[in-house]
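Every number here is computed from the coordinates shown, using simple stated rules; none is lab data. Since the model is a prediction, treat every value here as computed from it, not as a measurement. Cβ placement follows ideal geometry from the backbone for every residue including glycine, while neighbour counts extend to all protein chains displayed.
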Amino acid sequence: MDTNPNWPKSRQTPRRSIEVPLSVTFGSATFRGWSTDVGTGGLGMTVAAEIAVSSELLVEFAVEGRTPIKVRAVVRYRKGFKYGLEFLMITPQDLEAIKKYVLAGTTA
């Protein structure tokens, strides 16, 4: 398990389970995977790729039929092919869509 030692041990915002396909762009490569959970601060995902903690990515996924959400994120946690991401750049509209989604369901 790889984690950033300076990162808090617990989540800073609530999350909700979500299983939707996503794409991850890292450098010049794009990978396909699945989300596991989402919150206003970040996203959990499973992707069959070797991506180091602290790497910056571009992630694209959808929440309940919305047009795809595109965010810049950083890898904060890794265990095998499971990753925990922190959002670095997200539009106010996309952040609001995620907030509504999380508040409408049970947190993960």
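Odds and ends about this structure:
- Extension gain for A52 to E19 (0.36 nm times residue separation, less C-alpha to C-alpha distance): 9.6 nm.
- Under 18 Å between alpha carbons - lysine pairs in the chain that sit 8 or more apart or on different chains: 4
- Estimated 222 nm signal from helices in the chain, with DSSP H stretches of n ≥ 4 weighted -39500 (n - 2.57), rounded to 500: -3500 deg cm²/dmol
- Nitroxide proxy distance, nm - points 7 Å out along Cα→Cβ at T67 and S28: 3.0 nm
- For the chain, the convex hull spanned by the alpha carbon atoms encloses 94 Å³ per residue.
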